[in-house]
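**Q** I'd like to ask some things about the structure below.
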Amino acid sequence: MKTKLSFLALITLALISCKKEEDKASSFSYQIKASNTANSLTSSSTKEVNSATKAVNGAPTINFTAGSLLVSEVNFNAEKDEPEGQNEDNTEMDFEFKGPIQVDLFGASQSFGNVKVIAGAYEDIYVSIKAKNLALSGTYGTTPVEILANGEVEFEGQYGKFLVNEDIDYLGLIHMNLGLLTANISTTELDNATKTNGKIVISSTSNQAIYAKMLANLAALAEVNFENED
């Protein structure tokens, strides 16, 4: 009987401890926006151009003007600094938002999610996003361009250290740096791209070589920052 009571007492203490941790949690929401929406490509002579907004020697740029995606999951992964003497190693923590939610990358600021993150000091933060139905449109010079990725895509951003205080709401700003989407893609490739009704469609079934390069570039697009919503 003593053993049974001790076991029940341990369970009760564990539940109380978990409840205390939850009580100290803060709320995180997210926003995903497009950034660096006008970007240049590598010129036909293989000379690099500015990946932000300017071209070299008049090289055309892709100017993105609209885009959306269906977010299925956002995962906050980090190491939590434990108080001195409590644990020699940092504790790895995961806090997850589950969608789906449709996000307009160029529209008015749209926050989503209400993820509870336990208060404390975090480092080596990774925010990964899983999404479907990524669609981007714009122009290459004067030619309309459309990028369609109907399957699941994943990209992530990294952040150094961040202190989460109790009872404060935070916003995770995730910028999709579209200036990185065209890395290793040349003007020659786009000049020779197949057009559909006068439009360059880049997808799994159209201009597949360019599409494969853009998919590879997607993983590194995210830039993450956090701010206090109060």
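The values are calculated or read from the model by the stated rules, or taken from the named source; none is laboratory data. This structure is a prediction, so every number in the text was calculated from the model and none was measured. Using ideal geometry, Cβ is built from the backbone for each residue, glycine included, and neighbour counts are taken over all protein chains shown.
**Q** Quick one: would you say Phe64 is assigned to a strand (DSSP E or B), closer than 18 Å to Ser203 by Cβ and touching a residue at least 40 places away in the same chain (Cβ under 8 Å)?
**A** Values: assigned to a strand (DSSP E or B): yes; closer than 18 Å to Ser203 by Cβ: yes; touching a residue at least 40 places away in the same chain (Cβ under 8 Å): yes.
Judged against the criteria, Phe64 is a match.
A quick yes/no check of all residues on (1) surrounded by 14 or more Cβ atoms within 10 Å (Cβ to Cβ); (2) hydrophobic (A, V, I, L, M, F, W, C); (3) over 30 Å from Gly198 (Cβ atoms):
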residue: Ile101; (1), (2), (3): yes, yes, yes
residue: Asp104; (1), (2), (3): yes, no, no
residue: Lys116; (1), (2), (3): no, no, yes
residue: Val127; (1), (2), (3): yes, yes, yes
residue: Thr139; (1), (2), (3): yes, no, no
residue: Asn150; (1), (2), (3): no, no, no
residue: Gly179; (1), (2), (3): yes, no, no
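**Q** Scan Thr205, Thr194 and give me the residue that is more than 19 Å from Ile62 (Cβ to Cβ) and at pLDDT 95 or above.
**A** Working: Thr194 fails: more than 19 Å from Ile62 (Cβ to Cβ).
Going through Thr205, Thr194 in turn, just one is more than 19 Å from Ile62 (Cβ to Cβ) and at pLDDT 95 or above: Thr205.
**Q** Among the residues of the stretch 152-170, how many are surrounded by fewer than 17 Cβ atoms within 10 Å (Cβ to Cβ) and either touching a residue at least 40 places away in the same chain (Cβ under 8 Å) or within 17 Å of Ala34 (Cβ to Cβ) (or both)? Can you show your working first?
**A** Initially, the stretch 152-170 is screened for residues surrounded by fewer than 17 Cβ atoms within 10 Å (Cβ to Cβ), giving 152, 154, 158, 160-161, 163, 165-169.
From what is left, the residues that are either touching a residue at least 40 places away in the same chain (Cβ under 8 Å) or within 17 Å of Ala34 (Cβ to Cβ) (or both) are 152, 154, 158, 161, 163, 165-169.
Number satisfying all stated conditions: 10.
**Q** Continuing with the same structure: Which strands (runs of 3 or more DSSP E) sit wholly inside the stretch 128-198 and have at least 1 residues that are under 30 Å from Ile118 (Cβ atoms)?
**A** Hits in the stretch 128-198: 153-164, 170-177.
**Q** Just to verify a result, which residue in the stretch 210-226, among those that are outside any helix (DSSP H, G or I) and either over 14 Å from Glu152 (Cα atoms) or of a type outside the set (A, V, I, L, M) (or both), is nearest to the chain's Cα centre (by Cα)? First the steps, then the outcome.
**A** Of the stretch 210-226, the ones outside any helix (DSSP H, G or I) are 219-226.
Narrowing the set further to residues that are either over 14 Å from Glu152 (Cα atoms) or of a type outside the set (A, V, I, L, M) (or both) leaves 220-226.
Numbers: Ala220: 9, Leu221: 7, Ala222: 4, Glu223: 7, Val224: 7, Asn225: 11, Phe226: 13 Å.
Checking each candidate, the answer is Ala222.
**Q** Restricting attention to the stretch 112-137, and to residues there that are of a type in the set (Gly, Ala, Ser) and on the phi > 0 side of the Ramachandran plot, which single residue is farthest from the chain's Cα centre (by Cα)? First the steps, then the outcome.
**A** Filtering the stretch 112-137 for residues of a type in the set (Gly, Ala, Ser) gives 113, 119-121, 128, 131, 135, 137.
With on the phi > 0 side of the Ramachandran plot added as a condition, the list becomes 113, 120.
Numbers: Gly113: 14, Gly120: 23 Å.
Going through the qualifying residues, I end up with Gly120.
**Q** Of everything in the stretch 199-209 that's part of a loop (DSSP other than H, G, I, E, B) and in contact (Cβ under 8 Å) with a residue 40 or more places away in the chain, which residue is surrounded by the most Cβ atoms within 10 Å (Cβ to Cβ)? It would help to see each step written out before you state the result.
**A** Of all residues in the stretch 199-209, those part of a loop (DSSP other than H, G, I, E, B) come to 203-207.
With in contact (Cβ under 8 Å) with a residue 40 or more places away in the chain added as a condition, the list becomes 203-204.
Working: Ser203: 17, Ser204: 13.
Ranking the candidates gives Ser203 first.
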